[in-house]
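Student: For reference, the structure I am asking about is given below.
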Amino acid sequence: MAEQSDSSSFTATEHFTTRHLALTLRVEFQSRRIAASAALTVEALRDELSELTLDTRDLKILKITANGQEVKFALGNKHCFKGAALTISLPFKLLRGQHVVVEVSYETSPEASALQWLTAEQTAGKKHPYLFSQCQAIHCRSMIPCQDTPSVKSTYYARVSVPKELVALMSANHDGEFADDQDKSRKIFCFRQTVPMPCYLIALVVGSLESRVIGPRCRVWSEREMVDAAAYEFEETETMLKKAEDLMGPYVWGQYDLLVLPPSFPYGGMENPCLTFVTPTLLAGDRSLSNVIAHEISHSWTGNLVTNKTWEHFWLNEGHTVYLERMIGRSMFDEKHRQFAAIGGWKDLLEAIETFGATNPLTSLVPRLCDTDPDDAFSSVPYEKGFALLYHLEELLGGPDIFMGFVKAYIQIFAYSSVTTEDWKNCLYSYFSDKTEILNKVDWDAWFHSPGMPPFTPHYDTSMNDACVTLCKRWTIATDVELDCFTESDLKEMTSMQKIEFLALLLLETPLRLNNVKRMQQVYKFNDVKNAEIKFRWLRLCLRAQWEKAIPLALEMVTVQGRMKFTRPLYRDLYNFEKARPQAIETFQKNKPSMHPITAALVAKDLHLV
């Protein structure tokens, strides 16, 4: 087998590349399988090409043809996280630049890591089953035989057959729907994606879904029970999209829809083109968590249009996207808002590095992933360490407006392609060719390859943060006698983001005394808040103070939603609270079948069960 340029993939991207993918999918809820065919239009990148290797994971391969002619194939040994290589023998040799259409007929496994099948009882409506995919980082291979690497981009077309009472959506523009002539109980939905994109952005959802129009190119989709609340929460989507276009140039993907998923969705959002997936934990009722939408919108340029070439360079996707998300916030509010968000991000970075350990190689901005599942490397590090580097460069090179000129140029230069950190750095030096002396003083090796905190600590405007710091200090040192000094008016002038920051600051301190936590509940009534970001930090504070009354509330939060940002730290804190540990393990084992497979696998590690 040829040497791979992406250690997370079996495919040899130097030998061939996929230009287009035509999918025919039949979603079978009873067997929890998708019966499918995938026709890959492949271009040879070298002469004498007679063999193709694709990534698969738990797929049952039924038949393969090349230009209509049946061919031989073999599945390699199963790797613990990469799956199995599918080697296809072509009956002819291709010359460089020639194309072949390879069609694979196959079935997915009920255990496919990309797919979560929900029973009717697990949905809000309780009447119909639900299916959604999550292909990032390397799970697309469990849904489609493919070159499962972000270095390969292709267009795609899909026909999806589902029960007629349900709706199918994909990360593509809708291309019609009609009754299935072969089966009157089913309906076929068609989709077309004309912008080349990596396969981790292929997304599928099937459920009892409704939509509301929230802008000229924006709809919000969800089950009926949540759709109106979602339409209210995300009403500013078109405004954010326009702000993003002002910063980065035209939005090339056509429609920008949002899908509010069932609570088990493991992420805050997933930037699938034309159909951003978001967690229902964003439905705070006051639009206070809409920064996640600004983040996912920004991915339309950084991540989807310009993509990290391999998962080692994930910071190129996420660091730039956080930077742009905060620039959108600056445009909608002011610079103080951006600075305050950056302070919160720095705290997240501190906690991520403390969790991994300051010498852990996965806390490097560009980690080596030779024998590491990219899911295990997922953390705030690429997001916030990446942002910190970009902010540091912004300060060195003349401020946000000047640095945004570079970011926009970087997007234009590398649009529709995949890049490495070295490509990005060369682009930076080229754009700022008159400032190479400044750039040469940056400790690039430390930024990219050293674990732990960055080699430079940014200085942010603390004006919005000062009230949070002051209140945090009061609570940290308060004795029993002083607890009566706190009243509900302490929080009266604070925004939701400031309340989140106040609690985040307390989590960085020595655990609060139990009496202080009890008094905080008396005056602030955090147990009753709907904002998931506030509730999450509050419950962690309670668990660290070893307040037994918080145990059932924390167990409820890890059960009713599955967002990893909340679920994993809460489970870790429950595990570290000796009285809560047995209940935490029991709760996890009971609920594991209804959890997303990615989340379940990582929580099992957090609870030391594997």
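Student: Going through the stretch 115-157 one residue at a time, which ones are surrounded by fewer than 23 Cβ atoms within 10 Å (Cβ to Cβ), within 20 Å of the chain's Cα centre (by Cα) and among the aromatic types (Phe, Trp, Tyr)?
Tutor: The one that is surrounded by fewer than 23 Cβ atoms within 10 Å (Cβ to Cβ), within 20 Å of the chain's Cα centre (by Cα) and among the aromatic types (Phe, Trp, Tyr): Trp117.
Student: Identify all residues within the stretch 41-65 that are under 26 Å from the mean Cα position of the chain (by Cα), in a strand (DSSP E or B) and closer than 16 Å to Ser105 by Cβ; write none if there are none.
Tutor: Leu54, Thr56
Student: Right, something else. Within the stretch 543-550, is there a residue that is surrounded by 20 or more Cβ atoms within 10 Å (Cβ to Cβ) and within 25 Å of the chain's Cα centre (by Cα)?
Tutor: The answer is no; no qualifying residue exists.
Student: Only one of these is buried (at least 18 other Cβ atoms within 10 Å of the Cβ) and outside the structural domain of Asp58 (by TED's automatic domain parsing): Ile188, Ile214. Name it.
Tutor: Numbers: Ile188 fails: outside the structural domain of Asp58 (by TED's automatic domain parsing).
None of the others qualify; the one that does is Ile214.
Student: Test of understanding: among Thr276, Thr281, Thr237, which residue is among the polar types (S, T, N, Q), crowded, with 17+ Cβ neighbours inside 10 Å, free of Cβ contacts under 8 Å to residues at least 24 places away in the same chain and not assigned by TED's automatic domain parsing to the domain that holds Arg141?
Tutor: The unique qualifying residue is Thr276.
Student: Considering only helices (runs of 4 or more DSSP H) fully contained in the stretch 196-298, which possess at least 1 residues that are under 30 Å from Thr119 (Cβ atoms)?
Tutor: Fully inside the stretch 196-298 and qualifying: 224-233, 291-298.
Student: Regarding the stretch 390-403, can at least one residue be identified that is of a type in the set (A, V, I, L, M), part of a helix (DSSP H, G or I), out of contact with any Pro (no Cβ under 9 Å at 6 or more places or on another chain) and surrounded by fewer than 15 Cβ atoms within 10 Å (Cβ to Cβ)?
Tutor: Yes, some residue in the stretch 390-403 is of a type in the set (A, V, I, L, M), part of a helix (DSSP H, G or I), out of contact with any Pro (no Cβ under 9 Å at 6 or more places or on another chain) and surrounded by fewer than 15 Cβ atoms within 10 Å (Cβ to Cβ).
Student: Looking at the stretch 349-369, can you tell me whether even one residue there is among the charged types (D, E, K, R) and closer than 26 Å to Asp148 by Cβ?
Tutor: Yes: the stretch 349-369 contains one or more residues that are among the charged types (D, E, K, R) and closer than 26 Å to Asp148 by Cβ.
Student: Is at least one residue of the stretch 460-468 exposed (fewer than 13 other Cβ atoms within 10 Å of the Cβ) and touching a residue at least 60 places away in the same chain (Cβ under 8 Å)?
Tutor: Yes.
Student: Another one. Kindly evaluate Gln98 against the criterion of being in contact (Cβ under 8 Å) with a residue 24 or more places away in the chain and either surrounded by 15 or more Cβ atoms within 10 Å (Cβ to Cβ) or out of contact with any His (no Cβ under 8 Å at 6 or more places or on another chain) (or both).
Tutor: Criteria met by Gln98.
Student: How many of the residues in the stretch 533-558 are closer than 18 Å to Leu514 by Cα and either touching a Leu at 6+ places or on another chain (Cβ under 9 Å) or touching a residue at least 60 places away in the same chain (Cβ under 8 Å) (or both)? Working first, answer last.
Tutor: Kept after step one, since they are closer than 18 Å to Leu514 by Cα, are these residues of the stretch 533-558: 535-554.
Right, trim to either touching a Leu at 6+ places or on another chain (Cβ under 9 Å) or touching a residue at least 60 places away in the same chain (Cβ under 8 Å) (or both) and you get 535-547, 550-551, 553-554.
Adding up the residues that qualify gives 17.
Student: crowded, with 20+ Cβ neighbours inside 10 Å, farther than 20 Å from Leu282 by Cβ and among the aromatic types (Phe, Trp, Tyr): does that describe Phe566?
Tutor: The answer is no for Phe566.
Student: A further question follows. Being at pLDDT 95 or above and either within 24 Å of Arg563 (Cβ to Cβ) or under 18 Å from the mean Cα position of the chain (by Cα) (or both) is the filter here; which residues of the stretch 338-349 pass it?
Tutor: Matches in the stretch 338-349: Phe340, Ala341, Ala342, Ile343, Gly345, Trp346, Leu349.
Student: Also: Kindly list the number of the only condition in (1) in contact with a helix residue (DSSP H, G or I) (Cβ under 8 Å, 6 or more places away or on another chain); (2) assigned to a helix (DSSP H, G or I) that fails for Thr510.
Tutor: (2)
The values are calculated or read from the model by the stated rules, or taken from the named source; none is laboratory data. Remember, predicted model here, so these are calculated numbers, not experimental data. Positions of Cβ are backbone-derived with ideal geometry, glycine not excepted, and every protein chain shown enters the neighbour counts.
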